[in-house]
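Asks: Quick one: structure below, then a few questions.
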């Protein structure tokens, strides 16, 4: 009986810690995917010498050219894009960033938020294409 009580106590302590680490892993995965796709968009625009469009929906990102879709990534259902700003100031209301064949882009700043209200902001410099993350 004592062994069962000890196992229950250990389980009661370990399970909440593990579930917290799973949600932080989902957030890290979403941030890494966004950064990688943004870097890939710049590379493909330069390499193919054609403009690419990086599109952001509530819980997914996609990279397209005039011909086809290069990348599409869906975040976990618990991760959402809560804020988005296109630094080109096009006022279109759409969440699109254009990458040009010279390596420049419209630039963006977006915020990802999970179900526990943890937020991460990702910024892309319009001239250099450098992507930075603020947690």
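Asks: Report yes if some residue within region 41-61 is assigned to a strand (DSSP E or B), farther than 27 Å from residue 24 by Cα and at pLDDT 90 or above; otherwise report no.
Replies: Yes, some residue in region 41-61 is assigned to a strand (DSSP E or B), farther than 27 Å from residue 24 by Cα and at pLDDT 90 or above.
Asks: Which condition number does residue 113 fail, the rest of (1) in contact with a strand residue (DSSP E or B) (Cβ under 9 Å, 6 or more places away or on another chain); (2) under 23 Å from residue 43 (Cβ atoms) being met?
Replies: So residue 113 meets the others, but not (2).
Asks: Output the residue which, of all residues in region 105-120 that are surrounded by 15 or more Cβ atoms within 10 Å (Cβ to Cβ) and in a strand (DSSP E or B), is farthest from the chain's Cα centre (by Cα).
Replies: The residue in question is 105.
Asks: If you scan region 83-102, which residues turn out to be farther than 17 Å from residue 131 by Cβ and modelled with pLDDT of 90 or more?
Replies: Correct list: 101, 102.
The values are calculated or read from the model by the stated rules, or taken from the named source; none is laboratory data. Quick caveat: nothing in here was measured; it's all calculated off a predicted structure. Reconstructed Cβ throughout: ideal geometry from the backbone, glycine too, with neighbour counts over all protein chains shown.
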